[in-house]
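All remarks here apply to the structure that follows.
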Amino acid sequence: MKGKLITGMSVNREVRIYVAQTTEMVENARTTHDLSPISATALGRTITAASMMGMMSKIDKEKVTLQIKGSNEIKLMVAVADSHGNVKAYMNNPQAVNIFDEHGKLDVGTAIGKDGKIIVIRDIGMKEPFLGQCNLVSGEIAEDLAQYFAQSEQQPTAVSLGVSFGKDAHVKYAGGFIVQLLPETTEETIQQLESNLKGMPPLTQQFEEGLTIMQIAGQVLAGLGFDELEEYELNYKCDCSREKMENALISLGKTEIKAIIDEEGEAELVCHFCNQKYIFSELELTALIEAPNEVLS
Ligand SMILES: [Zn+2]
């Protein structure tokens, strides 16, 4: 379930790059949620993007939630990443029907639909979370994310995300990169970057050819050099717990818990992110109602 991420700067300090390899993480998401290939592609890109966005923060407790709201078969994807490389995700339609474009590639843009939104929530565990959003450009996620960074965070950004499959539909390669220009980037650097990106084959093809994320970073920054390298581990894992589920129940309030006892006898809560089931018996629910707690009303 582990992935890898590297981040660094161009030698002239004008460009920051993040490159992630998320193959096992996306494969884990595929088996956890029983994803069809197009759903795995869409959610895999979202997981990869979120994992890099989580690592953009230097704040220990910060969490980044990346939401893609679509208008076609895929209506909602949610990936949550923290600044330690942990990512969890779910989507509304794990078995979206595979559709292909004219090149025979899975057409994620159509499955999501252009009439949607990309929403980013940065929660540092205090005060109000920061929320930014913008309309989807293509539904392909990489372009949409680049547009989001440019529009909502005033940060010129290039994004590439890729997921490919082996013969038995398991995830063969998954990964991505995000390149961001810092405020004083010169025209010369921009032109160099544009020409580097133009000549690059798709990311999954580069993985197929055996390139490491370090070598891919080197290609993106060809002619600019690579500095301040940092390397991190990524993990696809859920942080749900019985205690968190209990808090979710408590937040429903006494009346609602009583109604559950009367109607269902017990409460079964399922975590969206990992499908783990939590069952609270009548006795446990009654204890929640009777416990002195200011949240309850
Ligand atoms: Zn969970």
Per-selection Rg to Rh, the stretch 242-290 - Cα, Kirkwood hydrodynamic radius: 0.95
Straight-line reach from K277: which aspartates and glutamates have a Cα under 14 Å away, not including same-chain ones fewer than 8 places off? D239, E243, E246, E266, E268
Select from S160, S51, S195 the residue whose mean-square fluctuation is largest in a Gaussian network model of the chain (Cα-Cα springs shorter than 10 Å). S195
Across 10 Å bins beginning at 0, the whole-percent shares of Cα-Cα pair distances in the stretch 43-90 come to 32, 48, 16, 3
With the chain treated as a Gaussian network of Cα nodes joined by springs under 10 Å, which of K88, K172, K58 yields the largest mean-square fluctuation? K58
Choice from V137, V97, V179 with maximal GNM fluctuation in the chain (Cα, 10 Å cutoff): V97
Using amide H atoms built in the peptide plane, which far-off residues or other-chain residues are under 5 Å from S138 H to H? D144
Rounded to the nearest 0.05, what FRET efficiency do L182 and S57 have when you use their Cβ-Cβ distance and R0 = 22 Å? 0.85
Globularity index of the chain, i.e. its alpha-carbon radius of gyration over 2.2 N^0.38 Å: 1.10
Please report the base-10 log of the normalised intensity I(q)/I(0) for the stretch 144-297, using a Debye sum with one equal scatterer per alpha carbon and no solvent, at each q in 0.20 (1/Å). -1.26
Name the residues whose placed amide hydrogens come within less than 5 Å of the amide hydrogen of G113, ignoring near sequence neighbours (fewer than 5 apart) on the same chain. S71, N72
Through the Karplus equation 6.51 cos²θ - 1.76 cosθ + 1.60, θ set to phi - 60°, convert the phi angles of the stretch 63-69 into ³J(HN,Hα) values in whole Hz; use x for Gly and Pro. 10, 10, 10, 10, 10, 10, 9
So what is the accessible area of the stretch 214-276 per residue, in Å², with the probe set to 1.4 Å? 59
For the chain, which whole-number percentage of the solvent-accessible area (1.4 Å probe, protein heavy atoms only) is attributable to carbon and sulfur atoms? 50
Dipole moment magnitude, nearest 20 debye, the chain about Cα centre, only Lys, Arg, Asp, Glu C-beta charged: 300
Karplus-derived 3J(HN,Hα), 6.51/-1.76/1.60, for each residue of the stretch 156-163, Hz, glycine and proline x: x, 9, 10, 10, 9, 9, x, 9
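The values are calculated or read from the model by the stated rules, or taken from the named source; none is laboratory data. Not measured: the values here are computed from a predicted model. With ideal geometry, Cβ positions are generated from the backbone for all residues, glycine too; neighbour counts draw on all protein chains shown. The protein model used for the area step is the full one, side chains on, heavy atoms only, and it has no ligands, DNA or RNA in it. Shrake-Rupley method; radii C 1.70, N 1.55, O 1.52, S 1.80 Å.
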